[in-house]
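Notes follow the structure.
The values are calculated or read from the model by the stated rules, or taken from the named source; none is laboratory data. Note that the structure is a prediction, hence the values are computed from the model and not measured. Every residue, glycine as well, gets a Cβ built from its backbone with ideal geometry; the counts of neighbours run over all protein chains shown. Note: areas computed on protein heavy atoms with side chains; ligands, DNA, RNA excluded. Shrake-Rupley method; radii C 1.70, N 1.55, O 1.52, S 1.80 Å.
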Amino acid sequence: RRLGSLMNEMTAFAKGETLEETSTNKDEIGILQRHFYTMRKQINTARQAIEKEQRMKEYMIATISHDLKTPLTSIRAYAESLDERQALSPEEQKEYRKIIVEKANFMKQMLDDLLTYTLLQSPTYEMELVSVEGDEFFEMLVSDYEPLCKEKDIILHTYCEVTGTYEVNPKQMIRVA
């Protein structure tokens with residue numbers, strides 16, 4: 001009878017029905033029943049995690065879709081303005097082309113970020129790492145900002161206290177900086 005009851009609980013769980021745990025004995029059937037309850041909790045926890053991850057992915061896709069539509073709308077509007085041969089001055093045409101390229105570059109960066117995110121989520125992706133001297137590498141990262149700071153009349157003071165050798169992916173580190 002107890003074994004039949006356990007089988008009924010298993011069948012109900014397989015159908016997605018919610019069940020209350022019943023008390024168990026210390027015999028073999030009781031041990032089997034406790035193992036089933038433990039397994040059921042693990043499965044439910046895994047299902048909840050998968051559902052949460054799915055909701056997060058759907059939100060991310062909706063956000064990315066929205067974020068890509070904005071520059072795409074601008075590109076289309078400026079391209080149509082150029083195509084309609086309106087009375088645009090050469091300077092305006094140059095500015096429109098510049099805006100189109102900027103918006104396209106922005107979209108490319110967003111798509112590159114999405115690709116990187118997707119790769120990092122993949123259990124099979126292995127990031128290529130190289131050994132770098134910490135102080136030299138981070139000084140090089142910061143030095144890339146010197147011309148921009150000089151152009152903007154910003155005084156850049158840096159202090160690097162990184163020593164030792166590190167395994168990094170330089171391309172990703174440059175993106176972070």
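Once the dipole of the chain is set up with Lys and Arg at +1 and Asp and Glu at -1 on Cβ about the Cα centre, which of Ala62, Met173, Met110 lies farthest towards its positive end? The Cα lying farthest towards the positive end belongs to Ala62.
Please compute the Kirkwood hydrodynamic radius of the chain from all pairs of different C-alpha atoms, in Å with one decimal. That comes to 23.2 Å for the chain. Accessible area per residue for the chain, computed on protein heavy atoms with a 1.4 Å probe, is 81 Å². Based on Cα contacts under 8 Å between residues 6+ apart, the stretch 91-177 shows a relative contact order of 35 percent.
Over the chain, Cα pairs under 8 Å with separation of 6+ residues give a relative contact order of 15 percent. Note on the stretch 82-177: with charges restricted to the Cβ of Lys and Arg (+1) and Asp and Glu (-1), its dipole about the Cα centre is near 500 debye. Within straight-line reach of Lys103, meaning a Cα separation under 18 Å, sit the following lysines at least 8 residues removed in sequence or on another chain: Lys69, Lys94. Taking chymotrypsin sites (Phe, Trp or Tyr not before Pro) as exposed when DSSP calls them loop and at most 12 other C-beta atoms lie within 10 angstrom, the chain has its longest site-free stretch at 1-124. Straight-distance candidates among the lysines for linking to Lys26, with alpha-carbon spacing under 30 Å and chain neighbours fewer than 8 residues away dropped: Lys15, Lys41.
Simple point charges give the picture: +1 on the Cβ of Lys and Arg, -1 on the Cβ of Asp and Glu, and for the chain a dipole about the Cα centre of about 1240 debye. Find the centroid of the Cα atoms in the stretch 76-101 and in the stretch 12-32, then give the distance between the two in whole Å. So the two Cα centres are separated by 70 Å.
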